[in-house]
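Working notes, beginning with the structure itself.
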Amino acid sequence: MSDDGQQGTAQERVPSRQRKRFPGISSRAYEHPADRSALVALRKLSGFDTVFKALSGLLPERSLRLLFLSDSVRVSERQFAHLHDMLRDACYILDLEKVPPMYVAQDPQPNAMCIGLDEPIIVVTTGLVELLDEEEMRAVVGHEVGHALSGHAVYRTILLFLTTLALKVAWIPLGNFAVMALVTALREWFRKSELSADRAGLLVGQDVKASMRGLMKLAGGNHLHEMNVDAFLEQAEEYEAGGDLRDSVLKILNVLPRSHPFATIRAAELKKWAESRDYQRIMDGHYPRRSEDKDTSARESFRESAASYADDMKSSKDPLMKLVSDLAGGAGDLGGRVRRGFDGFRSPPQPGEGPKDAPQE
C-alpha cells in the first residue's frame, strides 16, 4: 500500500516513498467546475439511478465485460503484479472502497479507459504499459481511479452507446441531428472530465513531473531525451494565442469530435492547478468529504461553472475568445474587428482592382 512505498519495475527502478492519503475525499475536491456542475445536477435528479439501471439493459456492458474477460489479461497479484499494486495504492489514496477490475488489452495504441454502469472497469493497452515508466503509469492509474470515483464511467458508457446509435440512425435526418447534438454536449462535458481525472492522477502520484512526462509521451512517444517540458508547455501557449479568427474557428472544429483535450492543453491546465491554492489545500488535508455530497447545491455548482467559463474567456489569448470577451465588456467596432480577423479569407487583389476593394479601417 501507499505507506509502504512501491517497488519499481524492471523498466525503471524508482525509490520507495510515502504518499499522502485522503480519507473520505469527495470527487468534488478535484473536479473541474464544468464537470462538477454537471455531475451534481445529475446526482440531484429524482430517479437518476433507476433510469440508468434501466438503460443498462440496452447498453452492451455485459458484452464488454465478457470481451475483456475472454480476450484481455486481468490484472492481479499473479498477472501484471506491478499494475495491481498501483491500482490498490490509488484506491487506498483516494479512499475508493471497492477496487475495480483492471485489464490489459493488446493494442499498440497507447490508451486507457474506465467504463461501466453498475460497476466500473479499467482497461489499459499494451501500448500504454510499454510507453510509460513506473511513476508516469501511476498517474494514469490514478487518473482512471479518479474517473471511477467521480462516476464518469457511467457517462462514458452512454457516450459510446450514443455514438454507435448516431451511426445507425444517420439515414434519419432529424433523428441523427438530435443524437449528435447530445453527443456533442457529452463530448464537451467529457473533455472537462478528463481535466478532472488528470488532477486525480496527480493526487495519486503526487509527482507533477511524472504527470507532465506522461502527457508529453502521449504526444511525442518514448523520446524523452528529445523533449522538454517547458518547450512543450510553450506549445500550449502558442496554440491558444496564435493566429487570427480563422484559426479560432479551426480550433473549435478540430476539438468538437474529440473526447479528450489536446495533450499540450492538458499539461498546461494540470500545471496551473498544481500551482493553485486548491491543490495545496488538498495536500494539507483540507478538502470536501463524501459525507457532505448530499448537501451540495446544484445552483452553486452551476454558478461556479459559469464563473470558470467566464474567467477562462477573460484570460484567454485566443482571438475569438478575446473578441467575445471585449464585446461582453462593451468594446465597440464589431464589424471592423471581425473583418480584420477574417482578412485572410479574402481573395488576393486582382490586377486592375483599386483601393475600393481593400477593407476599410
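The values are calculated or read from the model by the stated rules, or taken from the named source; none is laboratory data. These numbers come from a predicted model, not from an experiment. All Cβ positions, glycine included, derive from the backbone under ideal geometry; neighbour counts span all protein chains shown.
Would region 42-51 turn up any residue that is aliphatic (A, V, I, L, M), out of contact with any Lys or Arg (no Cβ under 7 Å at 6 or more places or on another chain) and at pLDDT 60 or above?
For region 42-51, residues aliphatic (A, V, I, L, M), out of contact with any Lys or Arg (no Cβ under 7 Å at 6 or more places or on another chain) and at pLDDT 60 or above: absent.
Among what's in region 58-109 and is within 25 Å of residue 219 (Cα to Cα) and small (Gly, Ala, Ser), pick the residue that is surrounded by the most Cβ atoms within 10 Å (Cβ to Cβ).
Ranking the qualifying residues of region 58-109, first place goes to 90.
Take residues that are of a type in the set (Gly, Ala, Ser) and at pLDDT below 95 and tell me which of the strands (runs of 3 or more DSSP E) falling wholly in region 71-139 contain 3 or more.
none
Within region 216-248, restricting attention to residues that are charged (D, E, K, R) and under 19 Å from the mean Cα position of the chain (by Cα), which residue is modelled with the highest pLDDT?
Looking at residues that are charged (D, E, K, R) and under 19 Å from the mean Cα position of the chain (by Cα), I get 217.
Can you say whether residue 36 is among the basic types (Lys, Arg), surrounded by 15 or more Cβ atoms within 10 Å (Cβ to Cβ) and at pLDDT 85 or above, as far as the supplied structure shows?
No: the conditions fail for residue 36.
Testing residue 164 on (1) closer than 24 Å to residue 262 by Cα; (2) modelled with pLDDT under 80; (3) buried (at least 16 other Cβ atoms within 10 Å of the Cβ), one condition comes back false. Which one is that?
(3) is the only condition that residue 164 fails.
If a residue has to be over 28 Å from residue 288 (Cβ atoms) and in contact with a strand residue (DSSP E or B) (Cβ under 9 Å, 6 or more places away or on another chain) to count, how many in region 102-130 make the cut?
The qualifying residues number 15.
Listed residues 191, 213; which is buried (at least 19 other Cβ atoms within 10 Å of the Cβ), assigned to a helix (DSSP H, G or I) and at pLDDT below 85?
On the way: 213 fails: at pLDDT below 85.
From the options 191, 213, the qualifying one is 191.
Residue 176 passes all but one of (1) modelled with pLDDT under 70; (2) among the polar types (S, T, N, Q); (3) closer than 30 Å to residue 280 by Cβ; which number fails?
Exception for residue 176: condition (3).
Condition first: in a helix (DSSP H, G or I) and surrounded by fewer than 16 Cβ atoms within 10 Å (Cβ to Cβ). Now tell me which residues in region 216-232 satisfy that. Outline the logic, then answer.
Just the residues of region 216-232 that are in a helix (DSSP H, G or I), to begin with: 216-220, 224-226, 229-232.
Within region 216-232, 219, 220, 224, 225, 226, 230, 231 meet the criteria.
Say whether the condition of being touching a residue at least 60 places away in the same chain (Cβ under 8 Å), surrounded by fewer than 19 Cβ atoms within 10 Å (Cβ to Cβ) and touching a Gly at 6+ places or on another chain (Cβ under 8 Å) is met by at least one residue in region 112-129.
The answer is no; no qualifying residue exists.
Does residue 21 satisfy the criteria of being of a type in the set (Lys, Arg), modelled with pLDDT under 95, surrounded by 14 or more Cβ atoms within 10 Å (Cβ to Cβ) and in contact with a helix residue (DSSP H, G or I) (Cβ under 8 Å, 6 or more places away or on another chain)?
The answer is no for residue 21.
Conditions: (1) out of contact with any Lys or Arg (no Cβ under 7 Å at 6 or more places or on another chain); (2) at pLDDT below 80. Residue 264 meets all but one. Number of the miss?
Result: residue 264 fails condition (2) only.
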